[in-house]
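Q: Sharing a structure, written as structure tokens. Questions coming.
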Amino acid sequence: MKRKQIYTGLWASLLLLAPAVTSATSAHATDIQTGQQSVATSQLSASQSTSSQVASDQLVESSRQSQGTSSRSQVAEVPAKTAQTTNNQPVKSAAKAVLNQDYQGAMARGAQQLTTSQDTEVWAALARISSGAQLTTAQKATFHQVFAEELTGMAGHYSATDLERLTIGIAAIGEDPTQFNGINLIAEIIKKAATAGITGQVYGIIALSTQDYGSQANQTINQLIDLVLKQQNTAGGWAFFGSVSDLDITGMTMSALGMHRDQPKVQSALDRAVALLKTTGFVKATGGFLIPGGFSTEENSNSTAMAILGLAAAGVNPVTTFVGDNGATPITNLIAYQKVDGQFRWMMGSDDGALSMSTEQAVYALGQYDYLLKGKGSIYNFKKVVPEPDPEPKPDPKPAPAPKPITPGKKPSGESSSSSSKVDLDKQLPKQPINEADEVPLTGTTATQDALPQTGHQSVWGSVLAGLFMLLGVAGYQTRRLKQR
């Protein structure tokens, strides 16, 4: 009978406990389901957003590449007369059909063509390096061999321009012109440049400025600058012979002087040359340059490339400074000479002439334009930048005084009795930087587990413990009553 009463009390306690456990378990299950749905929804939304963004990016990239390919194929094969006719169309039509602004693509294709054709000229090395291409060890070795054979073939009969051209190539591939193949090219240039013609003087400035070659080379540079400045004509340009400005020589001279714009009278000379190109040389109908002379009476890529080279070396942006009809610029004009295979024509719509030279000049002119936009200076500057050593730490002129020893049980002076028993944790423990991720404790091993709310666990265990205490209390009460009977 007594046992039956005890069992009856226990069952009554379990019945009292069941609603609390059921309620807590249900709440916990709801919290888990809600958390999982929230995380799943968040992940699905992120996945959809990412997929949508990727699809959008791929669509834009595909469209851009398609437009670029179409534009290049149309621009590359446009004859001169057709190009001029198209430039008279409305701006929107011309911009889509003719004006190709992708100078980097044109520069890369030209450089690749020089590599494929195995062009080993000095100017090919300059073009490829100024385009950003990296020469392999084998390619540098090939250029070295070609330059060495050319120097040997001169048999000691060096002209100033030959020495200067080779110096540019040797410096471009990272070698030393002062001791190349047993010859000091810099010393020979110093002897010959001042008495050479305008090209020997211009390229003398460039060659001696490719690296730091000492005080004697610097004195020769200053001497050559003075000689070149005196040869600037009243119109603001320079001529190979006579008094009529020549586009190629003017552009080359500007590229040399552009390396020394801090010299007296250099900037004013460059300003006059830019004014000449604006008022006399620029052809608004095409975006190119032309000053008719003894070498050419028609526009050609070589002259336009040299004008771009000189302007960019002088710090003048040819795209923003020279804008022609329908938005044509010197850059769009030069790109229009490029063939599908990457070569640049000399004359628009014609495969006659030295296309390899036209390609070399076009590529390194675009390279100088790229240098201008990136603030990299001259394409002829191969000086190695030596990083400055880190400065040594300086001792503190006023070191902090050593802390005074504190006798155990004795309060430091100036400290009240109310604060002597407190511990200043801010002073004893170093302050750690606050990381937002550290503010939220992670309880699981996956993102889903970490995102679940934690309130369900607390309510379940609280209800279970409360029920157990209730059950034990009822059982104890029933036992005492039976003993009393």
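The values are calculated or read from the model by the stated rules, or taken from the named source; none is laboratory data. The structure displayed is predicted, hence computed values, not measured ones. Glycine also receives a Cβ, built like all others from the backbone with ideal geometry; neighbour counts cover every protein chain displayed. The area values use the complete protein model at the heavy-atom level, side chains included, leaving out ligands, DNA and RNA. Shrake-Rupley method; radii C 1.70, N 1.55, O 1.52, S 1.80 Å.
Q: Could you sort 122-132, 304-314, 260-270 so that the peptide with the highest average Cβ count within 10 Å comes first and the rest follow in order? Kindly include the intermediate steps, with their values, before the conclusion.
A: Numbers: 122-132: 22.9, 304-314: 28.1, 260-270: 15.0.
Output ranking for 122-132, 304-314, 260-270: 304-314, 122-132, 260-270.
Q: With a 10 Å radius around each residue's Cβ, average the other Cβ atoms per peptide and rank 367-376, 99-108, highest first. Let's see the in-between values first.
A: Details: 367-376: 17.6, 99-108: 19.9.
Put in order of decreasing packing, that is 99-108, 367-376.
Q: Using a simple spin-label model with points 7 Å from Cα along the Cα→Cβ vector, what separation in nm is obtained for Asn381 and Thr115?
A: 2.6
Q: Something else now. Would you work out the relative contact order for region 253-374, in percent, from Cα pairs under 8 angstrom that are 6 or more residues apart? Spell out each step's value before the answer.
A: Details: 174 pairs, mean separation 31.8, N = 122.
Over region 253-374, the number comes to 26 percent.
Q: Only Cα pairs under 8 Å and at least 6 apart count here; give the relative contact order of region 223-300 as a rounded whole percent.
A: Values: 72 pairs, mean separation 19.2, N = 78.
Answer for region 223-300 is 25 percent.
Q: Express the carbon and sulfur contribution to the solvent-accessible surface of region 282-339 as a percent, rounded to the nearest whole number, probe 1.4 angstrom.
A: Numbers: 830 of 1580 Å².
Of the solvent-accessible surface of region 282-339, carbon and sulfur hold 52 percent.
Q: Amide H of Gln338 versus every other amide H placed in the peptide plane: which residues, excluding those fewer than 5 positions away on the same chain, fall under 5 Å?
A: Placed amide hydrogens put Arg345 under 5 Å from Gln338.
Q: Right, next: For Gly288, list long-range residues whose amide hydrogen, built 1.01 Å from N in the peptide plane, is under 5 Å from its own amide hydrogen.
A: Amide H neighbours of Gly288: Val283.
Q: Step through the table entries Lys191/Lys374; Lys192/Lys376; Lys265/Lys384; Lys265/Lys376; Lys284/Lys376; Lys284/Lys339, compare each Cα-Cα distance with 25 Å, and write down the pairs that go over it.
A: Violating the 25 Å limit, Cα to Cα: Lys191/Lys374; Lys192/Lys376; Lys265/Lys384; Lys284/Lys376.
Q: Using Cα pairs closer than 8 Å and at least 6 residues apart in sequence, work out the relative contact order for region 122-216, in percent. Could the numbers behind the result be given before it?
A: Numbers: 79 pairs, mean separation 27.3, N = 95.
Averaging sequence separation for qualifying contacts and normalising by length gives 29 percent for region 122-216.
Q: Would you check the accessible area of Met347, probe 1.4 Å, heavy atoms only, in square angstrom rounded to 10?
A: 30
Q: Give me the extension gain from Thr321 to Thr152: residue separation times 0.36 nm, minus the current Cα-Cα distance, reported in nm with one decimal.
A: On the way: separation 169, 0.36 × 169 = 60.84 nm, distance 4.50 nm.
The Thr321-Thr152 span can extend by a further 56.3 nm.
Q: Kindly report the accessible area of region 148-299 per residue (heavy atoms of protein chains, probe 1.4 Å, no ligands, DNA or RNA), in Å². Don't skip to the answer; put the middle values down first.
A: Working: 6590 Å² over 152 residues.
Counting only protein heavy atoms, the per-residue value for region 148-299 is 43 Å².
Q: If you don't mind, another one. Over the residues of region 146-278, compute the C-alpha Rg and express it relative to 2.2 N^0.38 Å. All intermediate terms of the calculation are to be shown ahead of the outcome.
A: Working: Rg = 15.1 Å, N = 133, 2.2 N^0.38 = 14.1 Å.
Here the Cα radius of gyration is 1.07 times the empirical estimate.
Q: Just need the Rg to Rh number for region 215-374, please, alpha carbons only, Kirkwood Rh.
A: Working: Rg = 15.4 Å, Rh = 15.9 Å.
Looking at region 215-374, the ratio lands at 0.97.
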